[in-house]
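Report on the following structure.
Just so you know, all these numbers are worked out from the coordinates, no wet-lab data involved. Keep in mind it's a predicted model, so treat the numbers as computed, not measured. No Cβ is skipped: glycine too gets one built from the backbone with ideal geometry, and neighbour counts run over all protein chains shown.
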Amino acid sequence: MGSMSAQGTLPAAGGGLNAAPVTDTLNHVMSTYNGKNITNANCDTTGANGIVDISSAQALTGAKTLTGAFVANAGVVFNEAGADVDFRAEGDTNANLINLDAGQDSLSFGGANVDGAAAIFNNLTERTAVTSVGQQVHVPAQTQNFDNASSTIAIGAANFIGIPTMTGDNATLTMTKAATLYVQGAPVAGSNVTHTTAGYSLWVDAGATQLDGTLSVGVDDTGADVKFFGATAGKHMLWDEDQDTLQLVDNTNLTFGTGNDADIFYDGTDLNISPAVVGAGDIVVNGASMEFADSEGVTFGTGKDATIRYDGTNLVIAPAAVGSGDVSISGGGLKLADSEAVTLGTGSDATILFDATNTVVATAAQLVLTPTTDTIVSNGTGVVVGHTAQMTAGGVAQEMQVLGTGAADSQMVLGRFSADAAGPVLTFAKSRDPAIFDGSFAIVADDDQIGAIYATLDDGTDFAQIAASINFVVDDGTPAENATGGSIEFHTMDVSGSGALRMTVNSAGNVICSGNLSATDLDGIIGSNTAAAGTFTTIAAQQGTADGEILSLKSSTDVAHGITTRTTTDTYLYIKKGGATSGRPRIEGLSDGGGGLDLSGITSTVNTTHTAGGDAAITANAGFKNGTGIQNMSSGGNIFGVGDHGTGLKFIVDAEGDLFADGSATTVYDDRDDMALLSAFDRNTKGFIEQDWEQGLAENEKALIDIGILGGPRVGVPVEERGLISYTGLARLHNSALRQVYTKLVETVERLDLAESKLKILGA
């Protein structure tokens, strides 16, 4: 210490340092101290108020003022007794630089204590602004040396805030929000201060920041913007609280994987999802579903260019909410674990999942697909509507199936609605090229199946049986570009399970049937023949060895003639073979009235040529086989005959035109005046000049009717009501008249001869 000096008078001997004069003022001077220490040996340490013993604890009572430096090389304890004794240290300009309130157990820096707070920092007043210096609390950069270098510590922290345990005297104490560290807000620019950018409540200038607990930003129903900047200017991600969307500016990637393996970004036009930017991978949602409330979605792009949302009815992926764009998934797929779904809508209105067997898309409303290009189903898979799996029909599990239990779910419609004549089209395509439409072509061959329509049935075991089919077939031995014929084949299976071709419409337009052709309410069959005679068949019916009716005309609601030994009662005309092997077609008309068959020929002109070259409204021609052709009937050959069913012919016309009639009836009319009957016939059939001797012959009309030469009256009767003429009877009448005339001539000659003889006798 060197030397210490004092002014005054030393106390008298035996007086001590606590003598009255000393307690008021110390009047002594230590004139010299010659390098000696003050020790117990030269100081009285027994008195209560003596000099403090530097080797033992002493109590200092009352206010003490230290005007010099206070150095303590040992522990210093203030208020060890735990009394309500405050401590305060003043600064140069702040009287409360350190303020310890023992009663509140509170320590304040720079200001008064705040009830309830353990430590308070209020030392910002009139402080010089210095960059990067904490105006309230400043922990400078420093080197921390850990002498336990060989050990392991859990956390090496420059500053550490432990977990507070908050208890209370009130059993019902509730804290609305509790925090270990609470920052009230960002600094506010007061008078004469301008913030270039909004201030920060918390600023970590560099280094990684780790949060091991839950991070919440904003307040429910209020929110807060959160922005993440990249190293490139203008690149950032923004949670926009007032828009309730997460936004990435154009060409800003949302990147996944240690090696930046997957990206999601909007390039200004398209939404790009790239799960395999590096390597290969899929989009996988595992363990739960992605769920958004109705009309809420994920938005991408600076201008909110792309959105994904569920609007309460439909799933809407809108990559072009602003502008135009597409949904692009490149380099991989969207992958979810079994039975995990993508769920949309507040009430889980729509889901997409794979249930370990099937892919299931379930929605409470319409499923709307709006692709801008083709929708492709890969080979070996199919589309099944109305059921959970494909069925096998006709021996094949077709890849496009519609299965149902009612009319609406087991039918398909192709519809075209356009202001023109075009209609919907179902198209089949056939090629011999083994590659599917790769730009190469291989022409078809004759009899190749172009397409088919199959109808299968349940036979109690499966659906393998094809009951009927329509096949479209190449019908051209020399197919060529834009010049290949085709045919349509109709196949059916009979009751024995044997299928066969029943009808064909070939490339020439011919319809070829292998069975009976039946029609109900048939209006007509129309054909055309532009080929040479005998080379084209408009309608052909092949019955093989069958002998039944090859053509039947029926009227089940009107006709019931009852002649069932010939045909069914509703058949009014049929054609069949008259001979099992010879052919000889039989055409038979049946009626429940007086007429059996009407044959009419209607012409537009009248032919009056009465020669072999003439024509008639109805013509019956006969021919005779000559090799593979025909010739005229030989002399005397019967051309036309009329008979009474079952009793033989009654009338014949032969090749020379001679008429032959059955003459088994009465052959003469000798009991009548035949000439008078002939005159009566002429009178009743044509106009003539009546001779005097012929008057009254009209009375013989009744006789002509009685003997069957006239079918009814003719005199005084309209033409359409006159009886018909029996020319067979008329021929008999002619014969009888000639016989009577001959008899009269013979009698006259005999009488003349007798008279001549008598005259000779008289003359003589």
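Per residue Cα convex hull volume for the stretch 543-594, in cubic angstrom?
Per-residue hull volume (Cα only) is 73 Å³.
Counting Lys +1, Arg +1, Asp -1, Glu -1, what net charge surrounds I98 among other residues with beta carbon under 14 Å of its beta carbon?
Here the charged neighbours net out to -3.
Show me the ranking of peptides 341-352, 233-244 by mean Cβ neighbours inside 10 Å, starting with the highest.
Top of the packing list down: 341-352, 233-244.
What is the packing order of peptides 203-212, 306-315, taking the mean over residues of other C-beta atoms within 10 Å and listing the highest first? Working shown, then result.
Numbers: 203-212: 5.9, 306-315: 19.6.
Per-residue mean Cβ counts within 10 Å order the peptides as 306-315, 203-212.
Which of rounded, prolate or oblate describes the stretch 59-197 when judged by the alpha-carbon gyration tensor and an a/c cut-off of 1.5?
Rounded.
Give the distance, in whole Å, between the Cα centre of the stretch 709-744 and the Cα centre of the stretch 153-173.
If we compute the Cα centre of each part, the gap is 147 Å.
Binning at 5 angstrom from zero up to the longest distance, how are the C-alpha pair distances of the stretch 419-460 distributed in percent?
Final binned percentages: 5, 14, 16, 15, 14, 13, 12, 7, 2, 1.
Which order, highest average first, do 543-553, 486-496 follow once you tally other Cβ atoms within 10 Å for each residue and take the mean per peptide?
Highest to lowest by the protection proxy: 486-496, 543-553.
Could you give me the ³J(HN,Hα) list for the stretch 331-339, computed from phi with Karplus coefficients 6.51, -1.76, 1.60 and θ = phi - 60°, whole Hz, x at Gly and Pro?
x, x, x, 8, 10, 10, 5, 3, 6
Treat every Asp and Glu Cβ in the stretch 173-318 as -1 and every Lys and Arg Cβ as +1, leave all other atoms uncharged, and give the resulting dipole magnitude about the Cα centre to the nearest 20 debye.
In total the dipole reaches around 480 debye.
Just the ratio, please: alpha-carbon radius of gyration of the stretch 223-376 over 2.2 N^0.38 Å, N its number of residues.
For the stretch 223-376, the normalised Cα radius of gyration comes out at 1.08.
What is the percent of Cα-Cα separations in the stretch 153-237 that go past 21 Å?
Summing the P(r) tail past 21 Å for the stretch 153-237 gives 56 percent.
Rounded to a whole number of µm²/s, how large is the Stokes-Einstein D of the stretch 183-232 at 37 °C and 0.692 mPa s, given Rh as the Kirkwood radius over C-alpha pairs?
The estimated diffusion coefficient comes to 234 µm²/s.
List the pairs from K554/K625; K650/K744; K576/K625; K577/K625; K554/K577; K650/K702 whose alpha-carbon separation is above 24 Å, in the order I gave them.
K554/K625; K650/K744; K650/K702
When only alpha-carbon atoms are used, what values of Rg and Dmax, in angstrom, describe the stretch 463-511?
13.5, 42
Can you check what the Kirkwood hydrodynamic radius comes to for the stretch 80-121, Cα pairs only, in Å to one decimal? If you can, show how the numbers build up before the last one.
Values: mean 1/r = 0.0972 Å⁻¹.
Final number for the Kirkwood radius of the stretch 80-121 is 10.3 Å.
Give the lysines whose C-alpha is closer than 27 Å to that of K304, dropping any in the same chain fewer than 8 places away, or say none.
Straight-distance partners of K304: K227, K235, K335.
Principal axis extents for the stretch 723-764, Cα atoms only, whole Å, descending order, please.
Projected onto its principal axes, the Cα set of the stretch 723-764 covers 60, 13, 6 Å.
If the stretch 312-407 were replaced by its equivalent ellipsoid, with semi-axes equal to the square roots of 5 times the Cα gyration tensor eigenvalues, what would those be, largest first, whole Å? Provide the component values of the computation, followed by the final result.
Working: eigenvalues 154, 65, 49 Å².
Taking √(5λ) for each Cα gyration eigenvalue gives 28, 18, 16 Å.
First select every other residue whose beta carbon is under 12 angstrom from the beta carbon of V642; then total the charges, Lys and Arg +1, Asp and Glu -1.
Numbers: positive: K650; negative: D644, D662.
My count for the surroundings of V642 gives -1.
Shape of the stretch 99-156 from its Cα gyration tensor (a ≥ b ≥ c, root eigenvalues): rounded if a/c is under 1.5, otherwise prolate when a/b > b/c, or oblate?
oblate
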